[in-house]
1. Consider GLY100 carefully, then state whether it is under 19 Å from GLY23 (Cβ atoms), of a type in the set (Gly, Ala, Ser) and touching a residue at least 40 places away in the same chain (Cβ under 8 Å).
2. Of the numbered conditions (1) more than 14 Å from VAL36 (Cα to Cα); (2) buried (at least 18 other Cβ atoms within 10 Å of the Cβ); (3) among the β-branched types (Val, Ile, Thr), VAL81 fails exactly one; give the number of that condition.
3. Looking at the range 56-76 only, could you name the residues that are open to solvent by less than 70 Å² (accessible area, probe 1.4 Å), of a type outside the set (Gly, Ala, Ser) and assigned to a loop (DSSP other than H, G, I, E, B)?
4. Restricting to the range 1-55, name every residue that is in contact with a His (Cβ under 9 Å, 6 or more places away or on another chain) and open to solvent by 70 Å² or more (accessible area, probe 1.4 Å).
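The values are calculated or read from the model by the stated rules, or taken from the named source; none is laboratory data. Bear in mind that the values here come from a model prediction, so they are computed numbers and not experimental data. Please note: Cβ atoms are built from the backbone with ideal geometry, for glycine as well, and neighbour counts cover all protein chains shown. Note: accessible area is taken over every heavy atom of the protein model, side chains too, but ligands, DNA and RNA are not part of it. Shrake-Rupley method; radii C 1.70, N 1.55, O 1.52, S 1.80 Å.
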Amino acid sequence: IAGTGDRLLVVRAQANGASAQMGDVLSAPAGTKVVVEVRVVGAPGSSISLAGDGARLAGLPDPKISGADQTVSFDLNADGVRHWLRVDVRNANGKLILLGNPIYLRP
């Protein structure tokens with residue numbers, strides 16, 4: 001992780017009319033479709049990396065970041081169990097360059 005002011009990571013999740021950002025709790029009962037939106041600035045050539053036990057529920061089709069300011073959305077299908085999901089960004093060599101905070105899902 002580099003202490004640089006030219007990169008940005010914004011993560012938001014929405015479900016059932018409610019929204020959450022990094023550090024927040026989002027209600028997601030079983031069968032709920034959670035839409036996760038990730039904005040990455042200043043990291044072209046990098047990839048989104050998912051961490052946490054909620055990562056297995058997510059369908060991230062293409063983790064590549066090709067633009068200087070890019071937004072990627074993906075769905076997560078809640079299973080009615082508490083989970084956490086963290087979004088990070090890694091450079092082309094796999095080095096962590098942006099570390100997110102989790103969004104917590106509760107039934």
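1. On the way: under 19 Å from GLY23 (Cβ atoms): yes; of a type in the set (Gly, Ala, Ser): yes; touching a residue at least 40 places away in the same chain (Cβ under 8 Å): yes.
Judged against the criteria, GLY100 is a match.
2. (2)
3. Taking the range 56-76 as the starting set, the residues that turn out to be open to solvent by less than 70 Å² (accessible area, probe 1.4 Å) are 57-60, 63, 65, 67-68, 70, 72-76.
In the following step, the residues that additionally are of a type outside the set (Gly, Ala, Ser) were identified as 57, 60, 63, 65, 70, 72, 74-76.
Scanning the range 56-76 gives LEU60, PRO63.
4. Restricting attention to the range 1-55, the residues satisfying the condition of being in contact with a His (Cβ under 9 Å, 6 or more places away or on another chain) are 28, 52-55.
Matches in the range 1-55: none.
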